[in-house]
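One structure below.
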Amino acid sequence: MLKKRIIPCLDIMEGRTVKGVNFGDLRDAGDPVELAEKYVEQRADELVFLDITSTIEQHGLLTGLVRKIAARINLPFTVGGGISTLGDVGDLLNAGADKVTINSSAVRNPGLITDIAGHFGSQCLVLAIDAKFVNNEWLVFIDGGRTATELKAVGWAERAEKSGAGEILLTSMDADGTRSGFSLAITREIAARVNIPVIASGGAGTMEHFREVFSRTGCSGALAAGIFHYGEIAIPELKRYLKLKGINVRV
Amino acid sequence: MIAILKYSAGNVESVSNALTRLGYESKITDDPGELMAADKVIIPGVGEAGSAMKYLRDKKLDGVIVALKQPVLGICLGLQLLCSYSDEGAVKCLDVFDAHVKKFPPFDKVPHMGWNSFTALKGALFRGIKADDDVYYVHSYYAGITDFTTAICDYVLPFSAAMHKGNFYGVQFHPEKSADAGNLILKNFLEL
């Protein structure tokens, strides 16, 4: 049986792992390659690395980091941040990333989804959606949460699937950093509307929150950062707990 | 020397990284002489069947591969290319395994992506692998169960997680991305 995935996310800034709260205030959380190796030992199912400062100058830096990670770990991993061209995607995949994730660039240029899927296959393309509940609607935000768009999260997810995205990484900006649980309603709705895997992100604070998102929505995986980096929840313990509660995980 | 087939497939480096971690030297190549001289050949696999077969035919590698005598391991798309026909790109493949590669019907999320187990394990590749070990899959197309099937995975329907015929081996999952279980399967292949 296909297992639900537990995915630690490493936000990268100038080569270090950092953790923010509600898309703001950053704290240092260590060397990304060392953290990645720790997560492999703990039997994380997959890793995500997001370069939150990436600019054109730093693109080479990210590729170098991806190469180091790929040489050291034998888990699938996704890389994102500042990807806006087919060339960027090719560089990161060639450096050893299994998947790339795009967000702002896909909103500005939806054709990019089709192009990436056509050149490299849907399996390597994760569409990230940062969503916020505004005036009774879940809207898509871009530029690391700084810019609002008029896109509705559900419609955008459906369109992305049709264009060739292989997976959706859905972050609730309202829940992110609050540790009060995943945003269940929007996760449930998007997972029900698309036939590609949806990863829930934002709001994980307790082991119960993971059980909740897996039992009450159709998401395929759950992503978290801070609670794993600072050791507040240990992944082996989380997985034993989930298994006990009847959630299918790899222990 | 282990030869890793170079063709229009992405992420070939993952396989060479995995071999390096296991202490094996490898070379990524599409040179027929190097492929024939290698101790073992791995056909890695992230890509699209139609364009992959076109690359192999253009380079006249299709005939070279099927004539190889040393152990050959096809991974993911690599396994599918060793089958007779793929619906992905509607293309005739290498025809080592008599199997028709089809797309998963949309009764569940496609691609089949993530960790899944397998059953009915047979043969040297799975020495030391336990029934509850999981491996990492990411694919939208599958080969059904055949006489050559040596492991079965169930997602939407039962399909071949692994196949074996003579010196040819194929695995639908990615051992190079499957942590300890994957390392052991790769090691078993390298020690054949």
**Item:** Members of the range A:231-251 found to be touching a strand residue (DSSP E or B) at 6+ places or on another chain (Cβ under 7 Å) and not β-branched (Val, Ile, Thr), listed by number
**Value:** A:Leu238, A:Lys239, A:Arg250
**Message:** Quick check on my filter: what residues within the range A:138-195 are closer than 16 Å to A:Ile102 by Cα, within 14 Å of chain B (Cβ to nearest Cβ) and assigned to a loop (DSSP other than H, G, I, E, B)?
**Reply:** A:Gly164, A:Ala165, A:Gly166
**Matching residues, the range A:78-101, being in contact with a strand residue (DSSP E or B) (Cβ under 9 Å, 6 or more places away or on another chain) and within 9 Å of chain B (Cβ to nearest Cβ)** = A:Leu93, A:Ala95, A:Gly96, A:Ala97, A:Asp98, A:Lys99
**Asked** Would you pick out the residues in the range B:139-170 that are farther than 22 Å from B:Pro111 by Cβ and not in a loop (DSSP other than H, G, I, E, B)?
**Response** B:Thr150, B:His164, B:Lys165, B:Phe168, B:Tyr169
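State whether the residues of the range B:155-162 include one that is among the β-branched types (Val, Ile, Thr), open to solvent by 10 Å² or more (accessible area, probe 1.4 Å), within 11 Å of chain A (Cβ to nearest Cβ) and closer than 25 Å to A:Pro76 by Cα. Show your work before the answer.
Here is the first cut: in the range B:155-162, the residues among the β-branched types (Val, Ile, Thr) are B:156.
Subsequent filtering for residues that are open to solvent by 10 Å² or more (accessible area, probe 1.4 Å) retains B:156.
Restricting the remaining residues to those that are within 11 Å of chain A (Cβ to nearest Cβ) gives B:156.
Right, trim to closer than 25 Å to A:Pro76 by Cα and you get B:156.
Taking every residue of the range B:155-162 in turn, at least one turns out to be among the β-branched types (Val, Ile, Thr), open to solvent by 10 Å² or more (accessible area, probe 1.4 Å), within 11 Å of chain A (Cβ to nearest Cβ) and closer than 25 Å to A:Pro76 by Cα.
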**Unmet criterion (only one of (1) in contact with a Lys or Arg (Cβ under 8 Å, 6 or more places away or on another chain); (2) within 23 Å of A:Arg67 (Cβ to Cβ)) for B:Met53** = (2)
**Subset of the range B:155-192 [at positive phi and among the small types (Gly, Ala, Ser)]** = B:Gly166, B:Ala179
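The values are calculated or read from the model by the stated rules, or taken from the named source; none is laboratory data. These numbers come from a predicted model, not from an experiment. Please note: Cβ atoms are built from the backbone with ideal geometry, for glycine as well, and neighbour counts cover all protein chains shown. Keep in mind that these areas ignore ligands, DNA and RNA; they rest on the heavy atoms of the full protein, side chains included. Shrake-Rupley method; radii C 1.70, N 1.55, O 1.52, S 1.80 Å.
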